[in-house]
Number of protein chains: 2
Amino acid sequence: VTSGRAADVAIVGGGVIGLALARELAGRGRRVVVLERGETAQEASWAAAGLLSAQSDVGVPGAFFDLAIESRALYPAWASDLEAETGEAVGYRATGLVRCAFDAGESEALRGFLWQRERGLPLEWWDAPVLAARFGGALSPDVRSGLFFPEEGVVDPRKLTRARGVSVRVRGVEVRSRTAARRFWIEDGRCLGVETEGGRLAADAVVDAAGAWAAFDRELPFAVPVEPVRGQIVELDLGGSAPDTVVHSEAVYLAPQGGGRVLVGSTLERAGFARVVTAGALGALLESAARLWPAVRTARFVTAWAGLRPGTPDGLPILGDCGIRGLYFAAGHFRNGILLAPVTARKIADLLTGGAASPDLASFRVGRFRSGRAGPSPVSGPGVFR
Amino acid sequence: VTSGRAADVAIVGGGVIGLALARELAGRGRRVVVLERGETAQEASWAAAGLLSAQSDVGVPGAFFDLAIESRALYPAWASDLEAETGEAVGYRATGLVRCAFDAGESEALRGFLWQRERGLPLEWWDAPVLAARFGGALSPDVRSGLFFPEEGVVDPRKLTRARGVSVRVRGVEVRSRTAARRFWIEDGRCLGVETEGGRLAADAVVDAAGAWAAFDRELPFAVPVEPVRGQIVELDLGGSAPDTVVHSEAVYLAPQGGGRVLVGSTLERAGFARVVTAGALGALLESAARLWPAVRTARFVTAWAGLRPGTPDGLPILGDCGIRGLYFAAGHFRNGILLAPVTARKIADLLTGGAASPDLASFRVGRFRSGRAGPSPVSGPGVFR
């Protein structure tokens with residue numbers, strides 16, 4: 001059974017990555033079908049805090065750092081294009097982000113970011129008097145130093161979701177919700193489409209952008225080592241006491257989303273697909289947040305939720321081709337899906353429409369896991385906060 | 001303007017106290033009208049954790065202790081009568097309650113309850129081996145001693161609310177929701193009824209059972225020193241890890257409500273009428289609960305809410321007559337409204353139908369505040385947890 005007309009590209013997964021790619025490909029004239037097991041962008045994309053942290057998150061130089069910086073640089077134009085096309089605000093703001101150190105050890109860890117200056121990337125070392133001048137009494141007086149990254153920012157993940165949904169409709173992408181992909185349709189080492197409960201969808205190219213569910217096809221000749229890493233987020237209303245920049249300690253961050261609304265995150269927990277808010281995580285997030293930004297104690301609790309990030313053994317995404325012709329990956333974005341959506345969409349679209357593999361995706365191919373070179377897990381166990 | 005037919009008794013306040021009294025009076029053949037500013041039992045009665053703690057809450061002998069013990073003794077029959085009359089379960093269970101001490105100072109404080117043995121009230125001292133045998137590893141191993149009160153229990157406040165609503169309807173009580181009392185209708189030192197926006201309601205007797213709003217009539221010739229004391233509660237789903245008894249530390253309690261559901265409380269905050277859940281309280285409650293009962297860390301967070309208890313300067317209720325003929329108080333029950341509802345209903349009904357003041361209400365008359373003999377506030381400041 002072949003259902004519907006054939007597509008140029010079938011994308012498995014209607015999250016931030018799948019929809020960004022669909023939009024990009026449709027903008028280049030491709031017929032795109034998105035298969036989404038639930039509703040679009042209701043999983044990790046919806047649950048994210050919307051932090052655009054490239055410099056402050058990735059401590060070491062390398063291909064991943066470059067990718068993150070490139071994507072962050074795309075954001076202003078990408079966000080305004082999306083807003084212009086759809087009439088929907090996406091809440092992008094270059095708020096800056098300050099990482100805070102409570103003691104000498106944490107200060108020393110911040111120094112580990114200073115190499116970025118040689119790359120010409122802006123950052124500012126703020127000692128206690130600067131912090132006091134910048135934040136008055138709003139920041140904990142126990143913070144002894146901070147590193148400010150003025151070009152980091154935030155986006156509102158739910159607004160972004162809505163805008164991207166409008167955009168793909170406008171561009172003629174066919175989105176099939178509540179349509180779970182069962183497996184890739186592979187014959188003679190060539191991917192011909194996707195098999196769903198309702199039948200087969202033929203496509204010239206298939207992209208796995210299924211987030212935490214990217215390993216859905218267990219019959220592939222190689223492993224797709226993606227598994228859910230739960231992240232819990234708390235939404236608070238701080239009113240006039242909300243920070244105007246992202247404030248980040250070792251334990252927690254506060255991401256201002258406008259109107260006094262602040263998202264506090266997050267946990268890193270390997271707990272399967274249980275998208276549950278736990279009392280332990282909630283309590284620890286709130287205590288850590290209040291330690292960093294004391295007004296949190298009197299802030300109104302609005303709600304809390306959990307999302308499932310697509311984690312990989314080395315913490316890096318899985319991007320590009322895989323040895324099976326016609327099958328591509330745009331998966332495993334872990335905590336960086338919102339940030340990396342523009343660059344992922346662009347590079348995977350280049351790959352699909354240009355034909356040749358982009359050399360800067362070489363580090364991210366799924367094949368890297370076959371060699372046993374994968375590094376240690378970025379998650380040391382359940383209940384790790386980050 | 002006089003609205004509606006006259007009542008034998010008009011009760012201001014449709015919370016647990018007002019409705020319990022209405023039910024009792026209607027059962028004695030009186031025509032009762034209840035005036036409720038919002039919806040019945042949506043304030044403190046709805047927000048309570050449902051703890052029936054008489055022995056474990058009141059540390060000192062006296063009239064209040066006697067009142068609490070008397071009301072607790074009424075509970076089993078009162079609950080089963082209500083269930084039989086209405087067909088609604090109220091979730092009453094004599095679960096027992098264990099107060100836990102983490103250190104020598106807290107253990108010493110528990111010894112302060114041992115005088116109750118002389119009164120013939122049951123309690124059991126549990127040292128660490130007994131606690132370990134009773135709870136296995138579920139209770140924190142840091143708890144060094146406990147005092148178990150086997151006759152304490154819980155009721156489900158929301159089920160109780162529903163059942164009492166059915167009961168008063170069955171008994172012909174007229175409940176006027178969204179009807180705020182503006183002031184008492186007093187002429188020549190005699191209370192003739194209640195004034196509302198819609199007009200006057202004439203009644204032979206009027207009872208102020210308005211909870212945190214009991215001081216609504218600022219024109220009385222004496223002060224009614226009731227003010228809201230906010231309490232925040234967290235609902236968790238502990239599944240099979242829920243305690244089967246109430247577990248109580250200095251900082252927090254866990255009240256099992258069946259089906260793995262546990263209510264964690266509570267704060268004592270003077271914060272006006274703002275019924276807000278704050279991040280600080282939520283975080284502290286969860287951390288304290290997890291310290292006492294470690295399974296809390298992995299428990300599912302369900303929801304959190306805040307209620308406004310009617311606090312008084314000495315922490316005791318305001319019961320009985322007041323010097324103005326026809327005007328009575330059943331107010332200021334602070335943290336004990338659910339527990340004290342049966343005894344309050346009985347004694348105030350005795351007073352209204354028998355005529356003579358019950359001598360055991362003498363300690364609770366509103367007149368005690370005129371003499372300046374009121375003790376210190378039971379609340380030492382905002383953010384106190386109890």
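Remarks
- One residue stands out in the stretch A:293-303 among those that are in contact with a strand residue (DSSP E or B) (Cβ under 6 Å, 6 or more places away or on another chain), surrounded by fewer than 24 Cβ atoms within 10 Å (Cβ to Cβ) and not charged (D, E, K, R): the one that is nearest to A:Asp142 (Cα to Cα), namely A:Thr298.
- Counted residues, the stretch A:43-66 - those being among the aliphatic types (A, V, I, L, M), modelled with pLDDT under 95 and closer than 21 Å to A:Val16 by Cα: 5
- Test: A:Glu83 is closer than 25 Å to A:Pro317 by Cβ, touching a helix residue (DSSP H, G or I) at 6+ places or on another chain (Cβ under 7 Å) and of a type in the set (D, E, K, R): no
- Residue within the stretch A:79-87 that is touching a residue at least 40 places away in the same chain (Cβ under 8 Å), among the acidic types (Asp, Glu), farther than 27 Å from A:Trp126 by Cβ and outside any strand (DSSP E or B) present: yes
- Matching residues, the stretch A:192-251, being farther than 20 Å from A:Gly315 by Cα and of a type in the set (S, T, N, Q): A:Thr196, A:Ser241, A:Thr245, A:Ser249
- In the stretch A:90-123, the qualifying residues are those that are more than 19 Å from the chain's Cα centre (by Cα) and in a loop (DSSP other than H, G, I, E, B), and the one that is surrounded by the most Cβ atoms within 10 Å (Cβ to Cβ) is A:Leu123.
- Test: residue in the stretch A:132-149 that is touching a helix residue (DSSP H, G or I) at 6+ places or on another chain (Cβ under 8 Å), more than 27 Å from A:Arg297 (Cα to Cα) and either among the charged types (D, E, K, R) or buried (at least 16 other Cβ atoms within 10 Å of the Cβ) (or both): no
- Single residue of B:Ser241, B:Ser266, B:Ser249 found to be away from chain A (no Cβ under 14 Å), of a type in the set (S, T, N, Q) and closer than 24 Å to B:Arg158 by Cα: B:Ser266
- Filtered residues of the stretch A:140-168 (kept if out of contact with any Pro (no Cβ under 8 Å at 6 or more places or on another chain), assigned to a loop (DSSP other than H, G, I, E, B) and farther than 20 Å from A:Val58 by Cβ): A:Pro141, A:Asp142, A:Val143, A:Arg144, A:Asp156
- Number of the condition not met by B:Leu292 [criteria: (1) more than 9 Å from chain A (Cβ to nearest Cβ); (2) without any contact (Cβ under 8 Å) to a residue 60 or more places away in the chain]: (2)
- Test for B:Phe216: is it more than 14 Å from chain A (Cβ to nearest Cβ), at pLDDT 95 or above and in a loop (DSSP other than H, G, I, E, B): yes
- Qualifying position, being within 20 Å of the chain's Cα centre (by Cα) and closer than 30 Å to B:Gly193 by Cβ, among B:Leu308, B:Leu351: B:Leu308
- The single residue among B:Gly259, B:Gly172 that is over 23 Å from A:Arg297 (Cα atoms), touching a residue at least 40 places away in the same chain (Cβ under 8 Å), more than 14 Å from every other protein chain (Cβ to nearest Cβ) and not in a helix (DSSP H, G or I) turns out to be B:Gly172.
- Listed by first and then second residue, the pairs with beta-carbon distance under 7 Å, at least 6 apart or on different chains, first residue in the stretch B:211-224 and surrounded by fewer than 19 Cβ atoms within 10 Å (Cβ to Cβ), second in a loop (DSSP other than H, G, I, E, B) and not hydrophobic (A, V, I, L, M, F, W, C), are B:Phe222/B:Arg370.
- Meets criteria (touching a residue at least 12 places away in the same chain (Cβ under 8 Å), farther than 13 Å from A:Gly15 by Cβ and small (Gly, Ala, Ser)) for A:Ala345: no
- Residues satisfying the stated conditions in the stretch B:163-205, i.e. surrounded by fewer than 16 Cβ atoms within 10 Å (Cβ to Cβ) and of a type in the set (D, E, K, R): B:Arg169, B:Arg178, B:Arg182, B:Arg183, B:Glu187, B:Asp188, B:Arg190, B:Glu197
- Residue in the stretch A:269-282 that is farthest from the other protein chains (Cβ to nearest Cβ), counting only those that are assigned to a strand (DSSP E or B) and surrounded by 23 or more Cβ atoms within 10 Å (Cβ to Cβ): A:Glu269
The values are calculated or read from the model by the stated rules, or taken from the named source; none is laboratory data. Not measured: the values here are computed from a predicted model. When we count neighbours, we look across all protein chains shown, and the Cβ atoms used for this are built from the backbone with ideal geometry, even at glycine.
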